Structure formats: structure tokens, C-alpha cells
1. Filter region 36-87 for residues that are modelled with pLDDT of 85 or more and assigned to a loop (DSSP other than H, G, I, E, B); which is least open to solvent (accessible area, probe 1.4 Å)?
2. List the residue pairs whose Cβ atoms are under 8 Å apart, where the first residue sits in region 124-138 and is over 11 Å from Met151 (Cα atoms) and modelled with pLDDT of 85 or more, the second is assigned to a helix (DSSP H, G or I) and open to solvent by less than 40 Å² (accessible area, probe 1.4 Å), and the two are 6 or more positions apart or on different chains.
3. Within region 101-156, can you find the residues that are among the β-branched types (Val, Ile, Thr), in a loop (DSSP other than H, G, I, E, B) and open to solvent by 60 Å² or more (accessible area, probe 1.4 Å)?
4. Can you tell me which condition Val19 does not meet? The list is (1) over 26 Å from Tyr126 (Cβ atoms); (2) at pLDDT below 80, and all the others hold.
5. Hey, any hits in region 96-110 for a residue that's at pLDDT below 75 and of a type in the set (A, V, I, L, M, F, W, C)?
Amino acid sequence: MSPWLNSPVAIGVGTREIVVGARVPWPLRLRKSASAAEPASVAIPEEQCCTEPGALDTLRRALADTLIATPAADAAPVPQEFVQKRNAHVVLDDFWGNHAILRGDFRTLRARELEEIALAHFTDTYGIDGASLVVRFGVQRGGRALFASAMPVSTT
């Protein structure tokens, strides 16, 4: 059994390629003998570049090729109590999302109000329907800056 089967998965999604690999937990990174396998890079076909279907199809291929071991046909199925869920860390190229740094006094606002402000910003700036976006945000220390990212709902 590979020591990387339970390691978190790191996924980088660009406009022309997907990179997938296992993240090494920090205590293991301190050991020189604990080196992770090289991450796999899978190119998005030219005719599907910069499209959601192209990115999703390539991500499926990358995961199937690199991380999902298909059991042999004669192997016994693994009992569900031994199957562990894996964490995944996804990093998107700026092409797949919109980002903003908003300045103001955000110290007294609730999370729902902050989300509405971020949605209004993306709607006004890019002309995108707010209902079609998922927004993630963080208020910086001191409450004077709001970092926000928005993605279409269909890619989440």
C-alpha cells in the first residue's frame, strides 16, 4: 500500500493544463527520505482550452491516471470502514475566477452583508449575474480591506 494514498491531493487548474499530485504532510517533509512522487501534468486538448468541459474532462483523466488506483478484477473489495476520505486543495488560474480587493470599513458587518457587497462588486464591475456566482472572501486584520474571489456556480 502506498504511503501517499491518504495524503491530501493538490490540484492546479490552468487554462491549458491540469497538475495533480499528493501533498506531503509537513512532518514528513522534514525527512529527507520522504519524497513525494512527481506531480502529473495533463494538457487540456487545444480544441477544449479555456472551457469548463475541457477542464473537467482533463481533471477526470488526471485523477484517473495518477491518483485513483483501479483494483484488480479478482481482488476482494475493500470494506467501507477502511476507506478514508482525502482532502483536496485546488488552486485555480486567474482565468477561472475573478478577484477583488475592496477597501472600506468592514469591521461591523456580518458575513451575509460582506457576501452581498462582494457580489454587488462583481455584478457592477463585470456585468455578471450575482446569482450565477459563488463568492469566497476574507476580511483582513483591522477590517479595512476585503479580499474576495468569485467563480461561476457551474465550476464548483
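1. For region 36-87, the residue satisfying everything is Ile44.
2. Pairs found: Phe137/Leu114; Phe137/Ala118.
3. Going residue by residue through region 101-156, those that are among the β-branched types (Val, Ile, Thr) are 101, 108, 117, 123, 125, 128, 134-135, 139, 153, 155-156.
So of that shortlist, the ones also in a loop (DSSP other than H, G, I, E, B) come out as 108, 128, 156.
Thr108, Thr156, listed by residue number.
4. Condition not satisfied by Val19: (2).
5. First, pick out the residues of region 96-110 that are at pLDDT below 75: 96.
Still in the list and also of a type in the set (A, V, I, L, M, F, W, C): 96.
Within region 96-110, one or more residues are at pLDDT below 75 and of a type in the set (A, V, I, L, M, F, W, C).
The values are calculated or read from the model by the stated rules, or taken from the named source; none is laboratory data. Treat the numbers as computed from the prediction; the structure is a model and nothing was measured. Positions of Cβ are generated from backbone atoms using ideal geometry, with glycine treated the same way; all protein chains shown enter the neighbour counts. What goes into the accessible areas is simple: the full protein's heavy atoms, side chains included, and nothing from ligands, DNA or RNA. Shrake-Rupley method; radii C 1.70, N 1.55, O 1.52, S 1.80 Å.
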